[in-house]
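Colleague: This is the structure I want to talk about, given as structure tokens.
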Amino acid sequence: DEAVRSFKKESKEITEYQVLCASQGITSHLFGLKTSSLKALEQIIADAYKLAKERQAFVVKDQLQP
């Protein structure tokens with residue numbers, strides 16, 4: 001979970017993230033819409049959070065069993 005948070009924070013500081021945020025068309029730019037690449041990155045991060053929470057719950061459950 002901490003690794004995912006760290007990646008999310010650090011990724012916003014690199015040039016490649018700014019490229020993903022850059023609008024490709026005038027409509028996207030005018031309306032401030034997210035690019036499909038940025039949406040995909042956000043989905044990857046959301047999936048990583050979910051997986052980290054599931055793994056954490058599994059470890060806790062495993063530790064509680066006799």
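Colleague: Those residues that are over 26 Å from residue 57 (Cβ atoms) and of a type in the set (Lys, Arg), I need them from region 1-46; list them, please.
Modeller: Correct list: 12, 34, 39.
Colleague: Filter region 3-37 down to residues that are among the charged types (D, E, K, R) and exposed (fewer than 13 other Cβ atoms within 10 Å of the Cβ) and give me whichever is modelled with the lowest pLDDT.
Modeller: 12
Colleague: Could you count how many residues in region 20-45 are assigned to a helix (DSSP H, G or I) and in contact (Cβ under 8 Å) with a residue 12 or more places away in the chain? Show your work before the answer.
Modeller: Initial filter on region 20-45 (assigned to a helix (DSSP H, G or I)): 20-21, 26-31, 36-45.
Filter again for in contact (Cβ under 8 Å) with a residue 12 or more places away in the chain, leaving 20-21, 37-38, 41, 45.
Residues meeting the conditions: 6.
Colleague: Determine, yes or no, whether residue 64 is over 23 Å from residue 4 (Cα atoms) and modelled with pLDDT of 75 or more.
Modeller: In short, no.
Colleague: Moving on to the next point. For region 6-19, what are the residues that are assigned to a helix (DSSP H, G or I) and β-branched (Val, Ile, Thr)?
Modeller: Of everything in region 6-19, those that are assigned to a helix (DSSP H, G or I) and β-branched (Val, Ile, Thr) turn out to be 15, 19.
The values are calculated or read from the model by the stated rules, or taken from the named source; none is laboratory data. All of these numbers come straight from a predicted model, not from anything done at the bench. As a convention, Cβ positions derive from the backbone with ideal geometry for all residues, glycine included, and neighbour counts pool all protein chains shown.
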